Amino acid sequence: MKKATIAGHSIYSTNEIDKDVNIDQILIEFQKNSEKYSYTHYINDRWENIYLSPQDIPSILPFLSFALSKALELFRGMLNPHQTLIIPHELLGYDKNEFWFNVASNMQSTRMHNHIKEAVVSGVFYLQVPKNSANLFFKSGKNNELEMEVEAGKIIYFPSELDHYIPENKSSDMRISLSFNLYKFPLSESVML
């Protein structure tokens, strides 16, 4: 696990994933279920977020479990003694899935944003990363920027409030990642999804 900091915030990255996480199977199920996609955030002529039910992509469940356990290790200090973290999704009884895919083709980018709406920790798992498809950048203030190198199999965890973006994909192939938000559990009334 590597640690970087920006403006006093810790960002963690690792290429270590649980043996039950199968990137190839996640990609197969993702592509096989394209008719079941739902979308949000139509920006610059593309949908930035692509959602699938966990029932349609069961290979994602070992990853979500692994990501949750690692986030708990890394961010335990932000929780009260009676709290834990959760990645809400349909199979846990929530209406909204707090994980989604991001697909960027040639010359597509993801604009500056954050995940501050009640999430406390966010993460991204890189599934397919062609050469020259761009790294992840965090920004704080006007001149404080941190570049995180990305590659297939890497997971990056960060505080949800951090602004971040991904420049244009200069590869001719698609970059595919899986993002997720973690919330303090039990959920507050304002967060009930």
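The values are calculated or read from the model by the stated rules, or taken from the named source; none is laboratory data. Computed from a predicted model, the values in this text were never measured in an experiment. Glycine gets a Cβ as well: all are built from the backbone with ideal geometry, and neighbour counts include every protein chain shown. Side chains included, ligands, DNA and RNA excluded: accessible areas come from the protein's heavy atoms. Shrake-Rupley method; radii C 1.70, N 1.55, O 1.52, S 1.80 Å.
For the range 139-144, putting each phi into the Karplus relation 6.51 cos²θ - 1.76 cosθ + 1.60 with θ = phi - 60° gives couplings of 9, 9, x, 6, 10, 9 Hz, in residue order, rounded to whole numbers and with x for Gly and Pro.
Working note: 222 nm ellipticity from helices only, DSSP H runs with n ≥ 4, each -39,500 (n - 2.57), summed and divided by the residues of the chain, gives -4500 deg cm²/dmol to the nearest 500. Label-to-label distance for ASP45 and ALA152 is 2.8 nm, based on points extended 7 Å past Cα in the beta-carbon direction.
The Rg/Rh ratio for the range 3-129 is 0.95, where Rg is the radius of gyration of the alpha carbons and Rh is the Kirkwood radius.
So, with a 1.4 angstrom probe, what is the percent of accessible area on the chain that is carbon and sulfur? Using a 1.4 Å probe with all protein chains present, the chain comes out at 47 percent carbon and sulfur. Phi angles of the range 73-89 translate, via the Karplus equation with coefficients 6.51, -1.76, 1.60 and θ = phi - 60°, into HN-Hα couplings of 4, 6, 10, 3, x, 8, 9, 6, x, 8, 9, 9, 10, 8, 9, x, 7 Hz per residue; Gly and Pro are given as x.
Percent of Cα pairs in the range 65-110 per distance bin of 5 Å, from zero to the largest separation: 5, 16, 18, 17, 18, 12, 9, 4, 1, 0.
With the convex hull of its Cα atoms as the shape, the range 40-193 has an orientation-averaged projected area of 9.7 nm².
Determine the alpha carbon to alpha carbon distance for each of LYS3/LYS184; LYS32/LYS117; LYS117/LYS154; LYS117/LYS142 and list only those over 27 Å. LYS32/LYS117, as the Cα separations exceed 27 Å there. For the range 23-63, a Kirkwood hydrodynamic radius built from all Cα pairs, placed in the Stokes-Einstein relation at 20 °C and 1.002 mPa s, yields a translational diffusion coefficient of 196 µm²/s. Residues whose amide H comes within less than 5 Å of that of LEU127, counting only those at least five positions distant or on another chain, are GLY153, ILE176, SER177, LEU178 (H built at 1.01 Å from N in the peptide plane). Shape class for the range 139-193: oblate, because the ratio a/c of the largest to smallest gyration tensor axis (alpha-carbon atoms, square roots of eigenvalues) is 1.5 or more and b/c is at least a/b.
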